[in-house]
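Presented below is the structure to which this report refers.
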Amino acid sequence: MLSDAKARKLKSSDKAVTDGTVKGLYLFPTSSTGNGKWILRYVSPENSKRRDLGLGSYPSVSIRDARAKALELRSVIESGIDPLEERKAREAEKCKQALMPTFEEAARKHYADRAPGFKNKKHSAQWITTLEAYVFPAIGKRLVIELGPADFANCLRPIWLKKAETASRIKQRCDAVMEWCAANGFILASPVRVIDKLLPKQPGKRERVEHQPAVPWRKVPAFFADVLHAGTASSTMAMLELLILTACRSGEIRQMQWNEIDFSNGIWTVPASRMKAKLVHRVPLGSRALDLLQKQLEKNTSGEGLVFPSRNNTPCSDMILTKFLRDKEIESDVPERFATAHGFRSSFRDWASENGYPRDAAERALAHTVKNAVEAAYHRTDLLDQRRPMMESWESFCLGR
């Protein structure tokens, strides 16, 4: 049995001395006579490897204290736990806690990772600004490990029914942030998905969809006659008219390039990079659409670049058409709201349905993707030849012919 007298004589050249009372407890010599370090040797019950666990230095840790520690650890080992692994886990947990982010820090880091993948700057900005407006003020400074379902429910409760669509999007964004935290080991799982259980039932998607205010399709010819073809013509009016005649999106028109126009065949080919679905879209051009483009070409000396450039020779602002419609106070099918440029796509779609055109042709004209994966795999044609007479009829209708 190891005694203090024997331990005080321990020299650096001596071998390790076994305690003799606790299995695996050794006192290893150090460079100074009468000093040593306590080591408990054992076989890990978790992986069967031999482990050396330090228990401190002698004489700072007395023989009695070393034996007490060793006996306690032996009990832990016999219960199937490796105390060295347990110690490492505790230290790792301390490090993780030290790095634990607040919700705002986690959200901004996750946003920085996601932002490059967003399709447009407006959506990218909305992603973080909605959290800044509705979530950060209440829980932004709290550590993510402290947050539970009730915390997120309380943030969304004021808008849960009043702004259901916005609330649903914020919920998705909060869930994405907390999933990111789980993936990085800060929490076990996101608490956001269950907050519906703490909040009243929202209106169904059909009830809460906010449609773009549109000019009713029967009133489109009057809009052409009384607004687009009245007074002094302008590039904005030409741009809006071409948008309506082609049933395209504002961004596709505002960024239209001359090299995309095939005057001889009457086709405008929009590259995939500018399309929402990231697929090339061919648009048949009627006589009026070609006439508008020909007049616009007369203003361009090189025949290159943007068809409708701004004064800085950059794409026009996405507000230019909206402002025109607001200034003219163009009424829409939504009470107390003026029509939007995007709403004319709805006008076209209603016209096509009311006039018996095939659903597939009308949807292709709007560049809507086939949502059924199997159908999309086999149905690859863009129906250009079928769409051309439909778009010519739409043009004639708009012009009151």
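The values are calculated or read from the model by the stated rules, or taken from the named source; none is laboratory data. Quantities reported herein were computed from a predicted structural model and do not represent experimental measurements. Because the Cβ atoms are built from the backbone with ideal geometry, glycine has one as well, and the counts that use them run over all protein chains shown. The accessibility values were calculated without ligands, DNA or RNA, using every heavy atom of the protein model including side chains. Shrake-Rupley method; radii C 1.70, N 1.55, O 1.52, S 1.80 Å.
Against the numbered list (1) closer than 29 Å to Leu383 by Cβ; (2) open to solvent by less than 50 Å² (accessible area, probe 1.4 Å), Gly303 comes up short only at (1).
Only one of (1) open to solvent by 70 Å² or more (accessible area, probe 1.4 Å); (2) out of contact with any Ser or Thr (no Cβ under 9 Å at 6 or more places or on another chain); (3) acidic (Asp, Glu) fails for Asp360. Which number is that? It fails just one condition, (1). When Thr301 is tested against (1) part of a helix (DSSP H, G or I); (2) over 22 Å from Asp318 (Cβ atoms), only condition (1) is not met.
Just to be sure, is Lys109 out of contact with any Cys (no Cβ under 8 Å at 6 or more places or on another chain), touching a residue at least 24 places away in the same chain (Cβ under 8 Å), within 30 Å of Lys276 (Cβ to Cβ) and open to solvent by 60 Å² or more (accessible area, probe 1.4 Å)? Show your work before the answer.
Values: out of contact with any Cys (no Cβ under 8 Å at 6 or more places or on another chain): yes; touching a residue at least 24 places away in the same chain (Cβ under 8 Å): yes; within 30 Å of Lys276 (Cβ to Cβ): yes; open to solvent by 60 Å² or more (accessible area, probe 1.4 Å): yes.
Answer is yes for this residue.
Checking each residue in region 123-161 for being open to solvent by 60 Å² or more (accessible area, probe 1.4 Å) and touching an Asp or Glu at 6+ places or on another chain (Cβ under 8 Å) picks out Ala138, Lys141, Arg142.
For region 41-128, which fully contained helices (runs of 4 or more DSSP H) count at least 1 residues that are modelled with pLDDT of 90 or more and farther than 30 Å from Ile187 by Cα? Explain how you work it out, then say what you get.
Values: elements: 63-78, 83-99, 103-114.
Where helices (runs of 4 or more DSSP H) fall fully within region 41-128 and carry at least 1 residues being modelled with pLDDT of 90 or more and farther than 30 Å from Ile187 by Cα, they are 63-78.
Look at region 1-28: where a residue is in contact (Cβ under 8 Å) with a residue 60 or more places away in the chain and a partner is part of a loop (DSSP other than H, G, I, E, B), sitting 6+ places away or on another chain with Cβ atoms under 6 Å, you get Leu2/Asp19; Leu2/Gly20. Residues of region 28-40 that are in contact with a Pro (Cβ under 8 Å, 6 or more places away or on another chain) and assigned to a strand (DSSP E or B): Gly36 alone. Figure legend. Inter-residue proximity from region 166-185: first residues under 14 Å from Arg108 (Cα atoms) and charged (D, E, K, R), second residues part of a helix (DSSP H, G or I) and open to solvent by 30 Å² or more (accessible area, probe 1.4 Å), beta-carbon distance below 9 Å, spacing 6+ or different chains. Indicated pairs: Arg173/Tyr111; Asp175/Arg193. Within region 258-290, which residues are open to solvent by less than 60 Å² (accessible area, probe 1.4 Å) and in a helix (DSSP H, G or I)? The answer is Trp258, Glu260, Ala272, Arg274, Arg288, Ala289, Leu290.
From the set of residues in region 162-198 that are polar (S, T, N, Q) and in a loop (DSSP other than H, G, I, E, B), which is most open to solvent (accessible area, probe 1.4 Å)? Before you say what the answer is, go through the steps one by one.
Within region 162-198, the subset polar (S, T, N, Q) is 166, 168, 172, 184, 190.
Add one more test, that the residue is in a loop (DSSP other than H, G, I, E, B), and what stays is 184, 190.
On the way: Asn184: 80, Ser190: 22 Å².
Among those that are polar (S, T, N, Q) and in a loop (DSSP other than H, G, I, E, B), it is Asn184.
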